[in-house]
Structures are given as C-alpha cells and as structure tokens.
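The values are calculated or read from the model by the stated rules, or taken from the named source; none is laboratory data. Because the structure is a prediction, the values reported are computed rather than measured. FYI the Cβ positions are ideal-geometry reconstructions off the backbone, even for glycines, and counts take in every protein chain you see. Heavy atoms of the whole protein, side chains included, go into the accessibility calculation; ligands, DNA and RNA do not. Shrake-Rupley method; radii C 1.70, N 1.55, O 1.52, S 1.80 Å.
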Amino acid sequence: MNKLTQKFLAVSLLALAGCEGEANSGRLVGFIVDGQTGQRLNFFKAESDKNNLGDDGDSQSQVYAIIDGEFRRAEPCGRGDLNGKNGIEADGCFQIKDIPEGMTVPVFAQAPGYERFIGEYTYALMDLDVEHAQKVANIRLFPKGFAVDYRFNVSFNNQPVPNAQVICQYMPTTGNTLQVSGTFMDPVNTGTAAITATSNADGVASIPGAQLVNGATYRCEAVLSQSMDGVTLSGQGNITAGVTQSEQRMSLSTSGSTDTLLYAVRSNADDTTKLMGADGKLMVTFNRPVEIVAGTADCQYATAAIYYPDSDGVTGAIYPTPAGSTTNGVSESVTAEVSADGLTLTLGFKAERPFEADDRGTYVSFSGIIVRPRGSMSSSDIRAIGGVGACPAVAGYSVGDVANLRTGGFDQNNTIQLF
C-alpha cells in the first residue's frame, strides 16, 4: 500500500470518528463485546434503550485510560453526528482521543455483572503520513463467574498417552497487532505462573477455567517426562481462555534431537522493546523443571552497556569479578533463582551503582547461565543462556544454548533493556 493510499484511509477513519486530535497524537477506537455471547455492549445509547448500560459520569459502565497520570473517560464515536443525521450504525463504538505518540496507556473497562478488564496499549503512529492516526482495539468483557474448563486429549499415533504433562503459560503479545478484523486487546491482569496438569489413563489432562484469565492467550505444551528409544514426545498449541472450545487435541510427535528435551516456553525478554526498569530481571519459563548445574555459579556473568548516558557523568555499574575470585563458588555479578516448581528461572544483576532512568539505552546481558532438567545426570541434557564461556564445570561437554519456542526455536535472548 503506498503512502497516498495510507493517508487517504487514515483520513477517512478520522472523518468517521469526527474529532480533532493534538499534533503527534492519535485515537484509540473500538467496541465492547460480551465474551460469552459475542453480543456488542453499548455504553452510550439513550436511557430509553433496553440494552443501555449507562452514559453519564456516575455510571458504573465505562471505558477509560490513564494518560499523563490522569484518568480520561472514553467518548462515543462521533457524538452528535453518528446515529443521528447520518444514520450510521456505530452503536457502542468508543474512542479515547489525544494519546501521545509512543506512550503506553493502561486501558480499563467495567460494567455491572462483568469482570473488570485491564489492558494496556502502546500508541505508535508508525509510517502513516498523517499528523493524527487511528487504531482499532476491541475489548471483551466476560460475565462474572463465567469460566471454560479445558480438556486436553493427548495422543501419539492416534493412541492416548497417559502421564504426559500439559503446561499452559500465559503468552503476552510482543507488539500491537490490533486490526479491524475482530482482534481483541489482551488483558494484562494475568499471573506468570505456569498451570500444569497430567494426563490420565485415557490421555486426558484437565485444566479448570477458574485458573485462567478469560480473554488471555496461553501457550500450552505437552511433554512426556521420559524419552522413548532416545527420542522425546512433545506437542504444542494455543488457547484463548473463555473463547477457544473446551475440548482440545494435543497430538505428540517425536524428534531424535535432544534440543526438544529442554527448551524455553517463553521469557519476559521475548519482546525486545520492553523496558525493565532499574531492577530489571530476565525471567525464563521452561517446558519442564530445571536446575542450575552444580559448580557453575562462578561462570555466571552480567555486563552492562549504556548508549545514551545523562550529562551528570554518573552512570550505573555492575559489580566486577575481581581477579582470583573465579573459583569461590559464587557469582559476583549475577543472582539466579529457580522457582519452587522448577519451571521459571529468574536472573538478576548485582549493582555496584544504581542505574537511573535518564541513562537511556541501558542494556544488561547475562552469560554462563547453565541449566539442565531437574534430576538429569546426562551431559547431553545441559543447556546454557548466553553461552558457557570458559567454564571448568562443563569442560569437555557439548553444551548448546537454550532454544525459545515462542521465537521460532532461536536461542533464548540473554539481554534485557532497563531504560
């Protein structure tokens, strides 16, 4: 699509909404939909309408955002124009205006009888040759108490597989992909803990819907804890809680590569544009419980790079590794912690001087983080984040990097951006 066409479409959308914005700002437009029935919910019709959910400042049915630290309530699209003299049916359409370019805004929606929606949106004008752009973001609201229980039918060669572990992990989006074609904003009020279940004799693993957040996308993995003739059985699939049908088939496949034995399901650094803040950490979730290989703490390093330091000349720093301290059994620069269930590894850094927000372009990279499946005694099962370097504890072993399933099997990202 050429820029002239882009400009024409964008200007046409602005004309539909019928409002002016500020320079270098944009508008978020969408509809509220009942997540169970698919019926459009209208917050803005007249009181005489039987489906009206309220339209005054005191109403409990509202869509709003926080912009520049202030609450801003959404308005109906084209008030006084749409649904009036033009006769255009845009019932329930909301708009949040004057969102500064590049700003991430929390978005909320609530109505009596429905669970509250909490999301966030980063407004980017992208490459549109217009001063004011418009993006579309629809929102699902689910009735209170509504939940869908999921049954995963795990099979291999059309035969049920008992004792397979099914792991479902919330999968945040890596960018703004909201389009007019029925794609909805994801909720963010979702925990990062993995939800697990084990298949029974019939190959069925059940996950209660009450453990999931309706409208959120989950990446589900099925793995058999033991290998078969040197190969591993595994399968994957995605569900949107409360939207995807309850019966799911999880067909396992085999692979002769040991890379499938241990890999990352996701990490909080899969979105490389995410800013972690002064105390940022790298959190990696695996497909099976892991442990840090004994004797490798000395091999763990964290390094920082600051590309745009502020003018005061004081920048943050990570503790260096003094000469002669490479065999003391600890890392001077890294903190590494494995969750109780073994599925999540959290990496932090030890700051000699704190990092500040005005040091823009601050990155921290981790290396020498060496893990293996919990309880494994095989050298072929060992994996690393950021490479192994000269690590005596694994000398002579062939150690590959942890692969990340969500990024297409590429090596797990070992770098986070603080500011």
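Some observations on this one:
- Every pair of residues 6+ apart whose Cβ atoms lie under 9 Å, when the first sits in the range 102-115 and is within 26 Å of LYS144 (Cβ to Cβ) and open to solvent by 50 Å² or more (accessible area, probe 1.4 Å) while the second is of a type in the set (A, V, I, L, M) and not in a strand (DSSP E or B): PRO112/LEU53; GLU115/VAL213
- Of all residues in the range 294-322 being among the hydrophobic types (A, V, I, L, M, F, W, C), over 24 Å from ALA384 (Cα atoms) and out of contact with any Lys or Arg (no Cβ under 7 Å at 6 or more places or on another chain), the one that is surrounded by the fewest Cβ atoms within 10 Å (Cβ to Cβ): VAL314
- Given (1) touching a Phe, Trp or Tyr at 6+ places or on another chain (Cβ under 7 Å); (2) closer than 18 Å to ASN413 by Cβ, index of the condition GLN300 fails: (1)
- Hits in the range 350-371 - residues which are assigned to a strand (DSSP E or B) and in contact with an Asp or Glu (Cβ under 9 Å, 6 or more places away or on another chain): ALA351, ARG360, THR362, VAL371
- Candidate set: the range 233-246, residues that are open to solvent by less than 10 Å² (accessible area, probe 1.4 Å) and closer than 22 Å to PHE156 by Cβ; chosen: the one farthest from the chain's Cα centre (by Cα): LEU233
- For VAL223: the one exception among (1) β-branched (Val, Ile, Thr); (2) assigned to a loop (DSSP other than H, G, I, E, B); (3) at pLDDT below 90: (2)
- Some residue of the range 394-403 being part of a strand (DSSP E or B) and under 23 Å from the mean Cα position of the chain (by Cα): yes
- Hits in the range 323-349 (condition: open to solvent by less than 30 Å² (accessible area, probe 1.4 Å), at negative phi and part of a loop (DSSP other than H, G, I, E, B)): SER325, SER331, SER333, LEU343
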